[in-house]
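Beneath this line is the structure, given in structure tokens, with notes to follow.
What follows is calculated from the coordinates using simple rules that are stated; it is not laboratory data. If you're wondering where the values come from, they're calculated on a predicted model, not measured in any experiment. Neighbour counts are summed over all protein chains in view; Cβ atoms, including those assigned to glycine, are modelled from backbone coordinates with ideal geometry.
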Amino acid sequence: MKRILVTGASGFVGRALVAELANVGHSVRAAMRQPADVFPRSVEVIAVSDLTRPVEWRALLRNVEVVVHLAGIAHAGAEIAEETYERVNRLATAELANAAKAIGINHLVFMSSIRAQSGPTSSGVMCETDAPRPTDAYGRSKLAAEDAVRAAGVPFTILRPVLIYGPGVKGNFARLMELARKPWLLPLGLCRNRRSLLARRNLIDAIHLTLASPAAKNETYIVADPAPLTLSEIVTALRAGEGRRAGLLPVPPALIALASSALGRTEEWQRLGGMLVADPGKLIRAGWEPATDTRAGLAALAHASSPR
């Protein structure tokens, strides 16, 4: 069993991860901005200042062997200044990695993003050997943070997840679920663009693997469910989870894109209507066995989230 610091412990991934790590016997220190009594009693909960200000990482790292760094701005948004991404995602990660190296941490697992490698769409199937081409401040900050982790010299694993879904999900996927929950027909029947998604359960299993496998050190992995789905298949699976028919109209995606542009929602449509397929083959070859099938996972999520 390991002594593990998890940053961003109150987040969508962090809360589930901390509870699991503690339940399997690891000694866990959960760093979060607003400490709350949400974890098993064995978890040491500690307050951390907003990452827009310097953090005393060495104090947090005392008596720790492994760090799972989840904290940061986890989405792209035009309302967030590039300098904020730089401070929170890149500089805070660099400071943590340098402190981890100085104090002798055995392993730093850094949660990056597929957006360090690509924009909201990609013309081909992405793998780790592709040259990174982020298209916005969020993606650039994540890529710069990856470079800072590698440069620090601490043993690391970098994970690049695609869009994550699971109970309590927020952001883009929550909005898609809300759309699918509407009672009316949706014009998505011809949306055959494939999108890679990632069950939170599968991501946590990937983290478990990287913590247990010495071969995962100093590696970068894409994390995605093995089978990408089209947008129409995603909505169909969500509606099936509520016991409903797909209810999709055969409207050409070009018309939807045109309407989205007229409404000033071009980028939002790209995140839904564009292709983004990521190959998790490297992680699978390293021993990752994703337990959640995407269609079944989406249906189960919609069923659990459906108003009773």
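Here is how the numbers come out for the structure above:
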{"item": "Region 195-308 shape via C-alpha gyration tensor axes, a/c threshold 1.5", "result": "oblate"}
{"item": "Degrees separating the helix 137-152 axis from the principal Cα axis of the chain, which is the longest one", "result": "30 degrees"}
{"item": "Label corresponding to Rg/Rh (Cα atoms, Kirkwood Rh) when calculated from the structure given, among (1) 1.03; (2) 0.97; (3) 1.07", "result": "(2)"}
{"item": "Anisotropy class of region 79-222 from Cα gyration tensor, a/c 1.5 cut", "result": "prolate"}
{"item": "Label point distance in nm, Arg285-Ala102, each placed 7 Å from Cα along Cα→Cβ", "result": "3.8 nm"}
{"item": "Interchain or long-range residues, amide H under 5 Å from Leu197's placed H", "result": "Asp225, Leu229"}
{"item": "Qualifying aspartates and glutamates (Cα of each under 19 Å from Cα of Lys217; at least 8 residues distant if same chain)", "result": "Glu65, Glu128, Glu146, Asp147, Asp205, Glu289"}
{"item": "Environment charge of Ile103, counting only residues whose C-beta is closer than 11 Å and scoring Lys/Arg +1, Asp/Glu -1", "result": "+2"}
{"item": "By average C-beta atoms within 10 angstrom, highest first, the peptides 30-41, 152-163", "result": "152-163, 30-41"}
{"item": "Where labels lie 7 Å past Cα in the beta-carbon direction, separation of Val125 and Ala227 in nm", "result": "1.5 nm"}
{"item": "Part-to-part distance (alpha-carbon centres) for region 272-290 and region 1-80, which is given in Å", "result": "26 Å"}
{"item": "GNM result for the chain, Cα springs below 10 Å: residue of Gly119, Gly77, Gly274 fluctuating most strongly", "result": "Gly77"}
{"item": "Estimated dipole of the chain in Debye, rounded to 20 [Cβ of Lys and Arg +1, of Asp and Glu -1, Cα centre]", "result": "500 debye"}
{"item": "Charge dipole (region 176-225, unit charges on Cβ, about Cα centre) - positive-most of Ile204, Leu176, Ile222", "result": "Leu176"}
{"item": "Dipole magnitude of region 3-161, debye to nearest 20 (Cβ charges: Lys/Arg +1, Asp/Glu -1, about Cα centre)", "result": "300 debye"}
{"item": "Folded to 0 to 90 degrees: helix 200-212 orientation relative to the chain principal axis, Cα", "result": "30 degrees"}
{"item": "Degrees between helix 253-262 axis and first principal axis of the chain (Cα, 0 to 90, nearest 10)", "result": "70 degrees"}
{"item": "Radius of gyration and Dmax over the Cα atoms of region 1-43, both given in Å", "result": "9.1, 27"}
{"item": "Sum of -39500 (n - 2.57) over DSSP H runs of 4+, divided by residues of the chain (222 nm, nearest 500)", "result": "-11000 deg cm²/dmol"}
{"item": "Cα-based convex hull volume of region 145-195 per residue, rounded to whole Å³", "result": "124 Å³"}
{"item": "Net charge of Cβ neighbours under 11 Å - reference Gly168; Lys, Arg +1; Asp, Glu -1", "result": "+3"}
{"item": "Length added when fully stretched, Trp184-Ala47, from 0.36 nm per residue minus Cα-Cα", "result": "44.8 nm"}
{"item": "Share antiparallel - DSSP beta bridges, the chain, percent rounded to 5", "result": "5 percent"}
{"item": "FRET E, pair Leu263, His75, Förster distance 22 Å, beta-carbon r, rounded to 0.05", "result": "0.60"}
{"item": "Compactness relative to 2.2 N^0.38 Å, alpha carbon Rg of region 2-128", "result": "1.11"}
{"item": "Relative packing of peptides 243-252, 43-52 - highest average C-beta neighbours within 10 Å first", "result": "43-52, 243-252"}
{"item": "Karplus (6.51, -1.76, 1.60) ³J(HN,Hα), θ = phi - 60°, over region 154-170, in Hz, Gly and Pro reported as x", "result": "7, x, 9, 9, 10, 10, 10, x, 7, 4, 9, 10, x, x, x, 4, 10"}
